[in-house]
Amino acid sequence: MSISVNAVTKKYGNQFALNNVNIEIKPGEIVGFLGPNGAGKSTMMKILTGYIPQTSGKAFVCGFDVEEDPIAVKKRIGYLPEHNPQYTEMYVKEYLSFCAGLFHVKNKKARIAEMIQLVGLQKEQHKIIDSLSKGYRQRVGLAQALLHNPEVLILDEPTTGLDPNQVVEIRNLIKDTGKEKTVMMSTHIMQEVEAVCDRVIIINRGEIVADKPIAELRKLSKSSEVIEVQFSAPPDIEKMKQIKGVNRITTVNDTVYRVETDADIKISPKLVQFAIDNDLEINKLQTEEQNIEDVFRKLTS
Ligand SMILES: Nc1ncnc2c1ncn2[C@@H]1O[C@H](COP(=O)(O)OP(=O)(O)O)[C@@H](O)[C@H]1O
Ligand SMILES: [Mg+2]
């Protein structure tokens, strides 16, 4: 395994930022680590990269224990922390040279030139970091993470705060560079996971709530259906709940209801029958498309 997390818990004071988290990531996988703000994504990544210790449990990168073998772990990890902290008064090349020094990179000059080429920084390579746009700073961050040719990339919200064009560019860059590496990338955007990753791990309030290949998550999103129905007068909700296949009913207003159902049971005819049986007319019946975003919201709300 490239990454292996066994029953890791992290407490800040009394608060559980991570509660008994288990994660396995195989070599070559690109995994999206998805969750709302405050879910524990950065905390997990800081533990994996050896920046903070866990309270209990064990974490391994390429088989090395993050607590017992931190240097071996850091050699194998490229880390782009949240908010991409950099020495902004340094020049791009100067900064990359400094980072390469920290990792004892051999043939420093050639390697830096290679990275500049790879992330598309040719035109900005002689500029001071402070003068770069956020998108280009993120490229510098990626170059920094890749310098020592690590097996594993840990990227903490690499596209947050970028404009839409920059987001696409950075996503493509991650996809390309990720071809030969294991990537764990955090985000709070479901579409991003769909665009870049093979698999998604969803975390909410410090606990893993889903761990699935993207294709399976897509299937899950098709396994339920929402119908909005409007009656001529308020129906008996309790009776309506008895209809086979109905999972949940929420009231929009006096006569309009959202009915959540299993997708494999066709509910519309049953709602029509229900209306007839109860002397009601149906004014509107509309099926809403469920998407993968809805699955995320359901799992984390
Ligand atoms: N250094 C800290 N001290 C106390 N609480 C913290 C600290 N860092 C994070 N937390 C709390 O832990 C929880 C998880 O935070 P974090 O891992 O940053 O979430 P995410 O990256 O998913 O937004 C949050 O409730 C946050 O407020
Ligand atoms: Mg975070």
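The values are calculated or read from the model by the stated rules, or taken from the named source; none is laboratory data. Quick caveat: nothing in here was measured; it's all calculated off a predicted structure. Backbone-built Cβ (ideal geometry, glycine too); neighbour counts: all protein chains shown.
The residue of region 52-74 that is farthest from ligand 2 (Cβ to nearest atom), among those that are of a type outside the set (V, I, T) and within 12 Å of K10 (Cβ to Cβ), is S56.
Flag: E216 matches the condition of being closer than 18 Å to I292 by Cβ and of a type outside the set (V, I, T). Restricting region 205-222 to residues that are without any contact (Cβ under 8 Å) to a residue 40 or more places away in the chain and outside any helix (DSSP H, G or I) leaves a set whose member that is farthest from A7 (Cα to Cα) is P213.
Let's see how each residue does on (1) more than 16 Å from ligand 1 (Cβ to nearest atom); (2) of a type in the set (D, E, K, R):
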residue	(1), (2)
L18	no, no
G40	no, no
L48	no, no
F60	yes, no
E68	yes, yes
A72	yes, no
G78	yes, no
P81	no, no
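Only one of the listed residues (P213, P164) is touching a strand residue (DSSP E or B) at 6+ places or on another chain (Cβ under 6 Å), surrounded by fewer than 20 Cβ atoms within 10 Å (Cβ to Cβ) and not polar (S, T, N, Q). That residue is P213.
Looking only at residues in region 160-175 that are part of a loop (DSSP other than H, G, I, E, B) and away from ligand 2 (no atom under 13 Å from the Cβ), the one that is nearest to P85 (Cα to Cα) is L162. Filtering region 237-260 to residues that are under 16 Å from V272 (Cβ atoms) and not in a strand (DSSP E or B) leaves K239, M240, Q242, I243, K244, G245, T255.
Yes or no, residue by residue, for (1) over 25 Å from S42 (Cβ atoms); (2) free of Cβ contacts under 8 Å to residues at least 40 places away in the same chain; (3) touching a Cys at 6+ places or on another chain (Cβ under 7 Å):
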site	(1), (2), (3)
E82	no, no, no
P85	no, yes, no
M90	no, yes, no
E94	yes, yes, no
F98	no, yes, no
K108	yes, yes, no
E114	yes, yes, no
V119	no, no, no
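Of the residues in region 270-284, how many are assigned to a strand (DSSP E or B) and among the β-branched types (V, I, T)? Counting residues in region 270-284 that are assigned to a strand (DSSP E or B) and among the β-branched types (V, I, T) gives 1. So for region 182-192 (the condition being out of contact with any Phe, Trp or Tyr (no Cβ under 8 Å at 6 or more places or on another chain), within 30 Å of S268 (Cβ to Cβ), outside any strand (DSSP E or B) and at pLDDT below 90), does at least one residue qualify? For region 182-192, residues out of contact with any Phe, Trp or Tyr (no Cβ under 8 Å at 6 or more places or on another chain), within 30 Å of S268 (Cβ to Cβ), outside any strand (DSSP E or B) and at pLDDT below 90: present. Within this structure, K123 fails the test of being closer than 19 Å to S4 by Cα and of a type in the set (D, E, K, R). Scanning region 63-80 for residues that are among the small types (G, A, S) and in contact (Cβ under 8 Å) with a residue 40 or more places away in the chain yields G63, G78. If only residues of region 225-244 that are surrounded by fewer than 16 Cβ atoms within 10 Å (Cβ to Cβ) and closer than 23 Å to V295 by Cα are counted, the one that is modelled with the lowest pLDDT is K244.
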